[in-house]
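Asks: Take this structure first; my questions come after.
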Ligand code: HEM
């Protein structure tokens with residue numbers, strides 16, 4: 001059996017793949033949040049950032065393909081592990097009083113499904129721009145004189161819809177909850193968790209996930225005008 005096959009077939013290999021793809025996706029969502037927070041700066045910043053990403057050309061497509069592969073592998077292995085776990089528990093579902101598993105760990109599949117649904121909606125909304133062909137036409141002139149696609153106006157108009165914003169907030173809430181168990185589990189699967197810093201790691205996961213949720217939620221809330229100070233930073 002070659003290395004790749006044993007990675008996908010052995011139980012340790014599956015856990016490693018789950019952890020590695022989780023780490024990549026964790027890195028992506030963190031970097032994406034940092035980029036999105038530029039919505040609180042003048043429109044020039046996020047629009048210039050959009051141009052910078054687009055200027056990566058072929059490399060950007062390679063990164064997108066790699067991310068897509070990570071999403072597919074993460075979901076594929078999660079389904080396999082769920083089936084294997086159910087098969088190993090002949091009594092079926094019920095309340096397991098002996099288990100110390102947290103609620104977050106027990107609902108990983110369910111939070112994951114909602115995050116996936118959110119991702120499909122998000123790509124249809126902002127990347128394919130279904131129902132909003134005008135977002136592909138809006139252009140913004142940078143201080144350098146270059147005309148770029150106006151990502152700033154797209155995000156502000158997109159989140160001016162209350163229903164869309166509420167869906168985003170619920171989805172990032174569930175993604176944060178998913179990450180709160182995912183971070184600890186990922187470190188454990190990579191063999192980096194030990195007794196001495198388990199508490200520190202769990203504390204970090206909780207703080208990170210609350211920070212991740214609040215900063216993400218601040219974007220639609222500020223655009224809707226529901227956050228006194230931050231709403232004042234949005235240019236309409
Ligand atoms: C308030 C939160 C968010 C905002 C404001 C936001 C905004 C955006 C914008 C402006 C784009 C670029 C669309 C384009 O011009 O092509 C985008 C793409 C994307 N977003 Fe988000 N996003 C948010 C949350 C998330 C979350 C939580 C995830 C992951 C679950 C995510 C995953 C993606 C992906 C995968 C892309 C496609 C990237 C690409 O085409 O290269 N986003 N988002």
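Asks: Looking only at the stretch 47-76, how many residues end up being within 10 Å of the ligand (Cβ to nearest atom) and at pLDDT below 95?
Replies: Residues flagged as within 10 Å of the ligand (Cβ to nearest atom) and at pLDDT below 95 within the stretch 47-76 amount to 1.
Asks: Do you know which residues across the stretch 179-210 are within 16 Å of the ligand (Cβ to nearest atom) and loosely packed, with under 13 Cβ neighbours inside 10 Å?
Replies: Within the stretch 179-210, just 210 meets the criteria.
Asks: Can you say whether residue 44 is modelled with pLDDT of 95 or more, away from the ligand (no atom under 12 Å from the Cβ), farther than 24 Å from residue 172 by Cα and part of a helix (DSSP H, G or I), as far as the supplied structure shows?
Replies: Considered against the rule, which asks whether it is modelled with pLDDT of 95 or more, away from the ligand (no atom under 12 Å from the Cβ), farther than 24 Å from residue 172 by Cα and part of a helix (DSSP H, G or I), residue 44 comes out as yes.
Asks: Give me a count of the residues in the stretch 131-145 that are at negative phi and either at pLDDT below 95 or out of contact with any helix residue (DSSP H, G or I) (no Cβ under 8 Å at 6 or more places or on another chain) (or both).
Replies: 8
Asks: Same structure again: State yes or no: is residue 233 more than 20 Å from the chain's Cα centre (by Cα), touching a residue at least 24 places away in the same chain (Cβ under 8 Å), over 20 Å from residue 30 (Cα atoms) and not in a helix (DSSP H, G or I)?
Replies: Judged against the criteria, residue 233 is a match.
Asks: If I filter the stretch 11-23 for residues that are within 13 Å of the ligand (Cβ to nearest atom), assigned to a helix (DSSP H, G or I) and in contact (Cβ under 8 Å) with a residue 40 or more places away in the chain, do I get at least one hit?
Replies: Yes, the stretch 11-23 contains at least one residue that is within 13 Å of the ligand (Cβ to nearest atom), assigned to a helix (DSSP H, G or I) and in contact (Cβ under 8 Å) with a residue 40 or more places away in the chain.
Asks: Just checking: which of the helices (runs of 4 or more DSSP H) contained wholly in the stretch 131-230 hold 3 or more residues that are more than 23 Å from the chain's Cα centre (by Cα) and more than 28 Å from residue 103 (Cβ to Cβ)?
Replies: Per the criteria, 134-137.
Asks: Also, I was wondering about something else. Anything in the stretch 53-64 that is exposed (fewer than 11 other Cβ atoms within 10 Å of the Cβ) and farther than 15 Å from residue 127 by Cα? List them, or say none.
Replies: Result: 55, 57, 58, 59.
Asks: Going by the structure shown, is residue 39 closer than 29 Å to residue 218 by Cα, more than 11 Å from the ligand (Cβ to nearest atom) and in contact with a helix residue (DSSP H, G or I) (Cβ under 8 Å, 6 or more places away or on another chain)?
Replies: Against the criterion (closer than 29 Å to residue 218 by Cα, more than 11 Å from the ligand (Cβ to nearest atom) and in contact with a helix residue (DSSP H, G or I) (Cβ under 8 Å, 6 or more places away or on another chain)), residue 39 does not qualify.
Asks: Next question, about the same structure. List the residue pairs whose Cβ atoms are under 7 Å apart, where the first residue sits in the stretch 57-70 and is in contact (Cβ under 8 Å) with a residue 12 or more places away in the chain, the second is within 10 Å of the ligand (Cβ to nearest atom), and the two are 6 or more positions apart or on different chains.
Replies: The qualifying pairs are 67/28; 70/25.
Asks: Go through 176, 165 for me and flag whichever is out of contact with any strand residue (DSSP E or B) (no Cβ under 6 Å at 6 or more places or on another chain), under 19 Å from residue 28 (Cβ atoms) and within 16 Å of the ligand (Cβ to nearest atom).
Replies: Only one candidate passes the filter, namely 176.
Asks: Let me ask another. If you go through the stretch 138-178 one residue at a time, how many are buried (at least 17 other Cβ atoms within 10 Å of the Cβ) and touching a residue at least 60 places away in the same chain (Cβ under 8 Å)?
Replies: Residues in the stretch 138-178 being buried (at least 17 other Cβ atoms within 10 Å of the Cβ) and touching a residue at least 60 places away in the same chain (Cβ under 8 Å): 14 in total.
Asks: If you go through the stretch 101-115 one residue at a time, how many are out of contact with any helix residue (DSSP H, G or I) (no Cβ under 7 Å at 6 or more places or on another chain) and either closer than 20 Å to residue 158 by Cα or without any contact (Cβ under 8 Å) to a residue 12 or more places away in the chain (or both)?
Replies: Residues meeting the conditions: 5.
Asks: Which numbered condition in (1) at pLDDT below 95; (2) touching a helix residue (DSSP H, G or I) at 6+ places or on another chain (Cβ under 9 Å) is the only one that residue 91 fails?
Replies: Condition (2) is where residue 91 drops out.
The values are calculated or read from the model by the stated rules, or taken from the named source; none is laboratory data. Since the model is a prediction, treat every value here as computed from it, not as a measurement. Quick reminder, even Gly has a Cβ in these numbers, built from the backbone with ideal geometry, and neighbours come from all protein chains shown.
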